[in-house]
Amino acid sequence: MSLIPPTQLYLISPLQVGGDFPTRLERALAAGEGLVAAFQFRVKGIDQHEAAALAAPLQAICAAHDVAFIVNDSVALAKRLKADGVHLGQGDGSPKEAREALGREAQIGVTCHASRHMAMEAGEAGADYVAFGAFYPSTTKDKGPDAEVPEPEILEWWSGLFEIPCVAIGGITPENCAPLVEAGADFLAVSGAVWAGDEVAAIKAFAKVMRP
């Protein structure tokens with residue numbers, strides 16, 4: 001019997017989270033009990049008050065399913081919502097500053113692209129997880145045209161040396177996720193593969209690969 005925890009899903013919201021999205025999130029989490037570990041609230045171009053109003057029903061749904069509610073980019077919004085954590089891009093501040101603002105229990109993640117050096121720095125600064133990617137072409141994961149694309153081996157390297165979990169991100173689908181699972185990703189961050197179509201069918205398709 002393997003003592004290595006199985007890979008879990010880390011859902012990232014689409015940019016539009018109003019309308020029927022709370023219902024869709026409920027369906028996805030219900031279909032992925034035990035498979036979905038976290039949900040990242042990722043909205044752009046709106047003020048904090050509007051963001052907080054959109055977040056409230058989603059945060060309640062996550063709490064009901066014991067799924068961590070993570071805010072993208074904004075430590076201030078994470079603090080306002082008393083979110084479970086925050087995900088920081090390279091320009092969003094340091095894990096140490098986020099820890100001081102959010103407290104010891106907050107889950108703090110850091111985008112590290114394809115950089116082993118960034119990941120080690122993030123770990124030393126107190127990150128709770130590091131995210132590598134984009135592994136595949138992605139409309140969610142922001143990257144420049146010359147951004148280095150990581151290979152699955154970076155996940156194997158990281159998980160073999162460090163206890164801090166690693167997240168794989170970027171264009172991940174049920175059809176292409178197997179090499180990332182096999183390389184040791186603790187979490188697969190997915191967005192379009194779930195929200196662009198039938199979220200329940202997508203979750204079940206991931207489950208077939210991740211829980212064969």
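Nothing in this text is a laboratory measurement; each read-out follows from the coordinates by a stated rule. It should be emphasised that the depicted structure is a prediction, and the values quoted were computed from it without experimental measurement. Don't worry about glycine lacking a Cβ; one is built from the backbone with ideal geometry, like all the others, and counts go over all protein chains shown.
Side notes on the structure shown:
- Members of the stretch 152-172 that are over 14 Å from the mean Cα position of the chain (by Cα), in contact (Cβ under 8 Å) with a residue 12 or more places away in the chain and assigned to a loop (DSSP other than H, G, I, E, B): Pro152, Phe162, Ile164
Let's see how each residue does on (1) of a type in the set (Gly, Ala, Ser); (2) touching an Asp or Glu at 6+ places or on another chain (Cβ under 6 Å):
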site: Pro5; (1), (2): no, no
site: Gly18; (1), (2): yes, no
site: Pro22; (1), (2): no, no
site: Phe39; (1), (2): no, no
site: Ala56; (1), (2): yes, no
site: Cys62; (1), (2): no, no
site: Asp73; (1), (2): no, yes
site: Gly103; (1), (2): yes, no
site: Val110; (1), (2): no, no
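- Selection from the stretch 79-98 of residues that are over 15 Å from the mean Cα position of the chain (by Cα), in contact (Cβ under 8 Å) with a residue 24 or more places away in the chain and crowded, with 16+ Cβ neighbours inside 10 Å: Leu81, Ser94, Pro95
- Listed by first and then second residue, the pairs linking a residue in the stretch 59-73 that is on the phi < 0 side of the Ramachandran plot to a residue that is crowded, with 16+ Cβ neighbours inside 10 Å and among the basic types (Lys, Arg), with Cβ atoms under 7 Å apart and 6 or more places separating them unless they lie on different chains, are Asn72/Arg42.
- Filter result (surrounded by 16 or more Cβ atoms within 10 Å (Cβ to Cβ), basic (Lys, Arg) and either outside any helix (DSSP H, G or I) or out of contact with any helix residue (DSSP H, G or I) (no Cβ under 6 Å at 6 or more places or on another chain) (or both)) within the stretch 24-69: Arg42
- Extreme residue, surrounded by the fewest Cβ atoms within 10 Å (Cβ to Cβ), among residues of the stretch 182-212 that are among the charged types (D, E, K, R) and assigned to a loop (DSSP other than H, G, I, E, B): Arg211
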